[in-house]
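One structure is given below, encoded as structure tokens.
The values are calculated or read from the model by the stated rules, or taken from the named source; none is laboratory data. All figures in this text were calculated on a predicted structure; none of them were measured in a lab. As a convention, Cβ positions derive from the backbone with ideal geometry for all residues, glycine included, and neighbour counts pool all protein chains shown. Only protein heavy atoms, including side chains, enter the accessible area calculation; ligands, DNA and RNA are left aside. Shrake-Rupley method; radii C 1.70, N 1.55, O 1.52, S 1.80 Å.
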Amino acid sequence: QVQLVESGGGLVQAGGSLRLSCAASGRTSSSYAMGWFRQAPGKERVFVAALIWNGGSTFYADSVKGRFTISRNNAKNTVYLQMNSLKPEDTAVYYCAASLSGRHDYGPSYHYWGQGTQVTVSS
């Protein structure tokens, strides 16, 4: 089992920045990838970014490429999502997830999920 706890969400003006954190505990050594997904009101949950533990490769949705950065602190078992140049359309609940295998951009590949943190970007 892997437990994930997100933090860092909040209200920010367009053009601003936020950094989300995802603290992992439990059998984290079994994880293949860590990902961030988001779900806007009335919409499906979508992939935002992923980081592969072995090697550190990162992947991003086109909508956030160049603005968001996923990173990790191995000593703290924590994954971050630095979000810059935020736009109102980035408003959503952001979820951290851990995958044991499978496609890094595919929600069902992720076995463990955090509770989510709200990000609201005002225009």
- For the chain, what is the percent of antiparallel DSSP beta bridges, rounded to the nearest 5? 90
- What's the carbon and sulfur percent of the chain's accessible surface, probe 1.4 angstrom, rounded to a whole number? 47
- Which whole number in µm²/s is D for the chain by Stokes-Einstein, with the Kirkwood Rh taken over Cα pairs at 20 °C and 1.002 mPa s? 151
- Please report the base-10 log of the normalised intensity I(q)/I(0) for the stretch 1-72, using a Debye sum with one equal scatterer per alpha carbon and no solvent, at each q in 0.21, 0.22, 0.25 (1/Å). -1.11, -1.20, -1.40
- Query: Once Lys and Arg get +1 and Asp and Glu get -1 on their Cβ, which of L81, A50, S63 lies farthest toward the positive end of the dipole of the stretch 43-84?
  - Reply: L81
- Inter-site label distance for N73 and S30 at 7 Å from Cα along Cβ, in nm: 2.6
- Query: Can you give the relative contact order of the chain as a percent, counting alpha carbon pairs under 8 Å and 6+ residues apart?
  - Reply: 36
- Place a +1 charge on the Cβ of each Lys and Arg in the stretch 3-123 and a -1 charge on the Cβ of each Asp and Glu, then give the dipole magnitude about the Cα centre in debye, rounded to the nearest 20. 180
- Query: Which of the lysines could a cross-linker bridge to K87, judged by Cα under 21 Å and excluding same-chain residues fewer than eight apart?
  - Reply: K43, K65
- Message: Given a 1.4 angstrom probe, what's the average accessible area per residue across the chain, in square angstrom?
- Response: 50
